[in-house]
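Worksheet for the structure shown next.
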Amino acid sequence: MMNIDFNKNQDGLVPVIVQDSKTKNVLMLGYMNEEAYLKTNESKKVTFFSRTKNRLWTKGEESGNYLELVTIKNDCDNDTLLISAIPHGPTCHKGSDTCWGENNTQDFGFLSQLEGIITQRKKQSEIAPELRKQGESSYVVSLFDDGMNKIAQKVGEEAIETVIEAKDTNDDLFLNESADLLFHYMILLKAKGFSLQDIVKVLEKRHDKALR
């Protein structure tokens, strides 16, 4: 058992932050006493101590939307737990993915921001050129205007340039060509109606299959 200081607070409870093991999004905050902690480890379903019900409460015991335990970590003061879990259904009792009303979607940092911009540019390209507002024309919009063949061609060109630089010794040029390739590939994905998450799902399926 980890060295958890359940006696630090008079009620014998420690706060527990629950995080999705895949998306890393924070799902909820609850409280555990030692008994709830032990039951969580035993059942592999996240169990809290409910202060309103004054008893142990396994998340999803009524709704079926339980949290499957992956890992438990203790903080530096031994008085706060971070649980990584797999949510089976919405986490919030109000029906949302998280208790903050957010969608529990995977975020890829700047790449997700860039993907959002590409999505906006695609929407702008769906407006007739003569009806577009000033500033709604851009390189990405022009690629969408030119259509699938042009976008696919650009990906092919950037792929070749990346391979050429990979065989050379100039790391700066290689990284720049790699960035160009990734950028244009993301445009191609959006043009085909897909996202980075769709590619991740394919890779995850392959990974899971390889582990069997």
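The magnitude of the dipole of the chain, with charges of +1 and -1 set on the Cβ of Lys/Arg and Asp/Glu and taken from the Cα centre, is near 940 debye.
One quarter of the surface of the convex hull around the alpha-carbon atoms of the stretch 7-49 equals 3.2 nm², the direction-averaged projected area. For the stretch 44-56, the Karplus equation 6.51 cos²θ - 1.76 cosθ + 1.60, evaluated at θ = phi - 60°, returns couplings of 6, 10, 4, 10, 10, 9, 7, 6, 7, 8, 6, 7, 5 Hz by residue, with Gly and Pro reported as x. Which percentage, to the nearest 5, of the DSSP beta bridges contained in the chain is antiparallel? Roughly 80 percent of the beta bridges in the chain run antiparallel, per DSSP.
When each full DSSP H helix of the chain is screened for a Cα extent of at least 18 Å along its own axis and an average Kyte-Doolittle hydropathy of at least -1.0, the helices passing are 110-125, 148-166, 171-191, 196-211. In whole percent, and with a 1.4 Å probe on the protein chains, what portion of the accessible area of the stretch 1-53 is carbon and sulfur? Answer for the stretch 1-53 is 46 percent, counting heavy atoms of protein chains only. Among residues other than Lys123 with Cβ under 15 Å from its Cβ, the summed charge is +1 (Lys and Arg +1, Asp and Glu -1). For the stretch 1-64, the per residue solvent-accessible surface stands at 59 Å², with DNA, RNA and ligands left out and a 1.4 Å probe. Solvent-accessible area assigned to carbon and sulfur over the stretch 139-212 amounts to 58 percent, based on a 1.4 Å probe.
Other residues within the sphere of radius under 15 Å centred on the Cβ of Glu157, judged by their own Cβ, net out at -4 (K and R +1, D and E -1).
Look at where the Cα atoms of the stretch 157-190 and of the stretch 1-67 average out, and the two centres are 46 Å apart.
Using the Cβ of Thr105 as centre and a radius below 14 Å, the other residues enclosed give a net charge of -3, where K and R count +1 and D and E count -1. Amide H contacts of Tyr31: Val16, Phe49, each under 5 Å away and 5 or more positions distant or on a separate chain (H built 1.01 Å from N in the peptide plane; Pro and chain starts excluded).
From helices alone, the chain scores -14000 deg cm²/dmol at 222 nm; the rule is -39500 (n - 2.57) for each run of n ≥ 4 DSSP H residues, then divide by the residue total.
Distance between the 7 Å Cα→Cβ label points at Lys24 and Asn7: 3.7 nm. In a fully extended conformation the segment linking Lys167 and Lys150 would gain 3.5 nm over its present Cα-Cα distance, using 0.36 nm per residue.
Pairs of Cα atoms in the chain fall into 5 Å distance bins, from 0 up to the last occupied one, in shares of 1, 6, 11, 12, 12, 11, 9, 8, 8, 8, 6, 5, 2, 0 percent. Between Glu35 and Ala210, the contour length at 0.36 nm per residue exceeds the Cα-Cα span by 59.2 nm. Size descriptors for the stretch 53-144 (Cα atoms only): Rg and Dmax, in that order, 21.8, 66 Å. Protein heavy-atom accessible surface, 1.4 Å probe, per residue over the stretch 138-201: 58 Å².
The values are calculated or read from the model by the stated rules, or taken from the named source; none is laboratory data. Remember, predicted model here, so these are calculated numbers, not experimental data. Cβ: placed from backbone, ideal geometry, glycine included. Neighbour counts: every protein chain shown. Side chains included, ligands, DNA and RNA excluded: accessible areas come from the protein's heavy atoms. Shrake-Rupley method; radii C 1.70, N 1.55, O 1.52, S 1.80 Å.
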